[in-house]
Amino acid sequence: MSKADLSKQPAQVAAMFDQVSTRYDRTNAVLSVGNAALWRVATTRAVDPRAGETILDVAAGTGTSSASLARNGASVVAADFSEGMIEVGRQRQADNPFVRFVQADATALPFEDDSFDAVTISFGLRNIVDPKKALAEFYRVVKPGGRVVVCEFSQPPLSPVRAGYSAYLKYGMPVLARVASSNPAAYEYLMESIQAWPDQRALAAWLREAGFERVAYRNLTAGIVALHRGFKPERPAVVEEPPAPKPKAAAKPKAAAKPKPTASTTTKPTASTTTKPAASAATPKPKATPKPKAAPKPATAPKPKPAAKPKADPASGGSAGSESSASTVPSEGE
């Protein structure tokens, strides 16, 4: 009987799962004391598959998890490294049009970038020789805004639970494996790989290192299993702005420098205006003297209408005040 070790050589891992493929689902139900079905339901809810979406289920095994993901009408690609697992899965899911099996290596997925709405793996990341490289592949093939969900054995945070779980792995699980599995030696590797696997925070850090954001996890069954989820960031929209015609704006000031004719116009009118009012002012004065009728008109004589100009001072002051009150005060009040 084949048994992999913690070096996790792909050929050894694949051969080990080939040998346990026919009784794999039943053995999982026995060894998990019925919790495997509950963990599958929690994983499906975390992925949140929707009709029309395309989901990649890595290390899908016989496709039990894939069938759960496809229940709402999502198209699921069930990928696994073990040829024996895929063969059993194709037989069991032959009537399911939403599940398609592909033999694939998680560290070199045969899919294009941004191909899937979601990527998930259940109890398989621990068996990959380079789990960080696998997470990088998950990031590559998931669409921007898509999610990744990892369901994996973990480390219970409470020391009493951790001690009891360790005792079960060491003494209880080998007994059950001999009863339920076709390859009991393979489950010795299971115990070793679980004990060597990092805790929840470390796996969350790996997801962030791969590029995922909004990474979070929650414990299932007191932390015996942990469910991690992260999202691939959306790509920011790139807006191209046309260059502004700055050179044309710089050439305009030259046209403003043509006020040369204004020198002649300013000097000529000043000369004419200064001489003409002097002549006009000299002529009306003698005309006013020969007309005696202008003298007896004292009403008009008080051409102190220039005196009305001093009245314009207080009037102008009042008008300036009214303008300021009408323009600034209401605007400041608003």
Some residue of segment 157-167 being of a type in the set (Ser, Thr, Tyr), in a helix (DSSP H, G or I) and over 38 Å from the mean Cα position of the chain (by Cα): yes
Some residue of segment 179-191 being at pLDDT 85 or above and in contact with an Asp or Glu (Cβ under 7 Å, 6 or more places away or on another chain): no
Condition check for Arg201: free of Cβ contacts under 8 Å to residues at least 40 places away in the same chain, basic (Lys, Arg), open to solvent by 60 Å² or more (accessible area, probe 1.4 Å) and closer than 24 Å to Ala136 by Cβ: yes
Residue count for segment 120-152, restricted to those that are assigned to a helix (DSSP H, G or I), under 17 Å from the mean Cα position of the chain (by Cα) and charged (D, E, K, R): 1
Residues being farther than 24 Å from Lys133 by Cα and assigned to a helix (DSSP H, G or I) - total across segment 208-227: 3
Extreme residue, nearest to the chain's Cα centre (by Cα), among residues of segment 100-119 that are of a type in the set (A, V, I, L, M) and within 21 Å of Val20 (Cβ to Cβ): Ala106
Leading residue by the ranking (least open to solvent (accessible area, probe 1.4 Å)) among those in segment 217-243 that are in contact with a Gly (Cβ under 8 Å, 6 or more places away or on another chain) and modelled with pLDDT of 95 or more: Lys232
Qualifying residue in segment 162-170 (condition: open to solvent by less than 60 Å² (accessible area, probe 1.4 Å) and in contact (Cβ under 8 Å) with a residue 60 or more places away in the chain): no
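Which one of Ser65, Ser7, Ser21 is open to solvent by less than 20 Å² (accessible area, probe 1.4 Å) and among the small types (Gly, Ala, Ser)?
Result: Ser21 is the single residue among Ser65, Ser7, Ser21 that is open to solvent by less than 20 Å² (accessible area, probe 1.4 Å) and among the small types (Gly, Ala, Ser).
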Segment 65-83 residues that are more than 10 Å from Ile55 (Cβ to Cβ), paired with ones that are in a helix (DSSP H, G or I) and open to solvent by 10 Å² or more (accessible area, probe 1.4 Å) (beta carbon under 6 Å, 6 or more apart): Ser65/Arg40; Ser68/Arg40; Ser68/Thr44; Phe81/Ala14; Ser82/Ala14; Ser82/Phe17; Ser82/Asp18
Any hit, segment 138-151, residues being surrounded by fewer than 23 Cβ atoms within 10 Å (Cβ to Cβ), more than 18 Å from Val41 (Cβ to Cβ), at pLDDT 95 or above and in contact with a helix residue (DSSP H, G or I) (Cβ under 9 Å, 6 or more places away or on another chain): yes
All positions within segment 188-204 that are among the polar types (S, T, N, Q) and touching a strand residue (DSSP E or B) at 6+ places or on another chain (Cβ under 9 Å): Ser193, Gln200
Single residue of Met191, Met173 found to be open to solvent by less than 50 Å² (accessible area, probe 1.4 Å), in contact (Cβ under 8 Å) with a residue 24 or more places away in the chain and assigned to a helix (DSSP H, G or I): Met173
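The values are calculated or read from the model by the stated rules, or taken from the named source; none is laboratory data. Keep in mind that what you see is a predicted model, and the values were worked out from it rather than measured. Glycine also receives a Cβ, built like all others from the backbone with ideal geometry; neighbour counts cover every protein chain displayed. The accessibility values were calculated without ligands, DNA or RNA, using every heavy atom of the protein model including side chains. Shrake-Rupley method; radii C 1.70, N 1.55, O 1.52, S 1.80 Å.
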